[in-house]
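The values are calculated or read from the model by the stated rules, or taken from the named source; none is laboratory data. Just so it is clear, the model here is predicted, and its values are computed rather than measured. Counting neighbours? That spans all protein chains shown, and the Cβs are built from the backbone with ideal geometry, glycine included. In case anyone asks, the SASA skips ligands and DNA or RNA and just uses the protein heavy atoms, side chains included. Shrake-Rupley method; radii C 1.70, N 1.55, O 1.52, S 1.80 Å.
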Amino acid sequence: DAKTTQPPSMDCAEGRAANLPCNHSTISGNEYVYWYRQIHSQGPQYIIHGLKNNETNEMASLIITEDRKSSTLILPHATLRDTAVYYCIVRVPNTGNQFYFGTGTSLTVIP
Amino acid sequence: EAGVAQSPRYKIIEKRQSVAFWCNPISGHATLYWYQQILGQGPKLLIQFQNNGVVDDSQLPKDRFSAERLKGVDSTLKIQPAKLEDSAVYLCASSLERTSMNTEAFFGQGTRLTVV
C-alpha cells in the first residue's frame with residue numbers, strides 16, 4: 001500500500017516553477033522517496049529519487065525535509081509538456097523492494 | 001539504450017476469452033514487474049520476477065491470471081478467462097536488480113486491454 005499523500009490536482013503557469021508536495025509521515029530511515037510521472041497514454045517515467053539529502057538532476061530537484069516526513073518535487077521552469085500525473089513513492093524494503101503507487105497529483109501547466 | 005518493449009499496444013476481446021501480453025525488459029535487468037492500471041488509478045503491482053523466479057505474486061488473481069519468465073529475459077502475462085473488470089492498462093517494468101533500494105525501475109508503454 002502507498003505510504004504517501006499528495007494533492008489530487010495542481011495548476012502551474014508555463015515558465016514558472018512547479019512545486020509538488022508529498023507527505024510521507026510514516027517513512028522509515030532506510031526508505032527512499034521516488035518520483036515518477038505519467039503523461040497521458042504512456043508508461044510512468046522516472047524523474048528523481050533520494051534518501052535524506054536534496055537531489056537535483058536535469059529534470060527536477062527533490063527537497064526532503066530534515067525529519068523526512070515530507071518532500072517537494074520542483075520543476076524549475078514548467079512547460080506544457082510537463083502536464084502529467086506525478087507520483088510520489090516511498091520504496092519499502094521488503095522481499096521485493098517494490099514500488100507502490102498512490103493516486104498521484106495531476107499537474108496542468110497553463111499557457 | 002533500448003527501453004522496455006511491450007506488445008501489443010492495444011487489445012479488444014470479449015469476456016471469457018483469453019489474452020496474452022508480452023514484455024521484453026532492458027538488457028541485463030534481472031528484475032521484472034507487471035502492473036495493472038485501471039483508469040483513474042495508480043499502477044498496482046501484480047507480480048515481480050527476479051531472473052526466472054517469482055519474488056512476489058500476492059496481488060495476482062491466480063484463478064485467471066498467470067505469468068512466466070522462463071529464460072529470465074522475456075515475460076508473458078496471460079488472462080484466462082477475461083472479465084469486464086480486467087479492462088485496464090498492463091504495464092511492464094524492469095530494474096537492474098531488486099536488492100538495492102537505490103535503483104530505479106523503467107516502464108514500458110503498456111498494453112491497453114478492453115474487455116467487452
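Some observations on this one:
- Entirely in the stretch B:40-116, the strands (runs of 3 or more DSSP E) that have 3 or more residues that are at pLDDT below 95 and under 11 Å from the mean Cα position of the chain (by Cα): B:44-50
- All positions within the stretch B:83-106 that are farther than 19 Å from B:Pro43 by Cβ and either small (Gly, Ala, Ser) or touching a residue at least 40 places away in the same chain (Cβ under 8 Å) (or both): B:Lys83, B:Leu84, B:Leu96, B:Glu97, B:Ser100
- Flag for B:Leu70 being of a type in the set (A, V, I, L, M) and either within 14 Å of chain A (Cβ to nearest Cβ) or within 28 Å of A:Ala84 (Cβ to Cβ) (or both): no
- Selected residue [open to solvent by 50 Å² or more (accessible area, probe 1.4 Å), touching a residue at least 24 places away in the same chain (Cβ under 8 Å) and in contact with a Leu (Cβ under 9 Å, 6 or more places away or on another chain)] from B:Gln80, B:Gln109, B:Gln59, B:Gln48: B:Gln109
- For the stretch A:3-49, residues that are surrounded by fewer than 22 Cβ atoms within 10 Å (Cβ to Cβ), among the charged types (D, E, K, R) and part of a strand (DSSP E or B) total 1.
- Residues that are loosely packed, with under 14 Cβ neighbours inside 10 Å, in contact with a strand residue (DSSP E or B) (Cβ under 7 Å, 6 or more places away or on another chain) and polar (S, T, N, Q) do not occur anywhere in the stretch B:64-73.
- Residue, nearest to A:Phe101 (Cα to Cα), within the stretch B:27-39, restricted to residues that are over 14 Å from the mean Cα position of the chain (by Cα) and not hydroxyl-bearing (Ser, Thr, Tyr): B:Leu39
- Residues (more than 18 Å from B:Asn102 (Cβ to Cβ) and of a type in the set (S, T, N, Q)) located in the stretch A:62-91: A:Thr65, A:Ser70, A:Thr72, A:Thr79, A:Thr83
- Flag if B:Leu39 is under 21 Å from B:Gln109 (Cα atoms), open to solvent by less than 60 Å² (accessible area, probe 1.4 Å) and within 13 Å of chain A (Cβ to nearest Cβ): no
- Wholly within the stretch A:50-111, strands (runs of 3 or more DSSP E) carrying at least 1 residues that are away from every other protein chain (no Cβ under 14 Å) and under 30 Å from B:Gln48 (Cβ atoms): A:61-64, A:70-75, A:105-110
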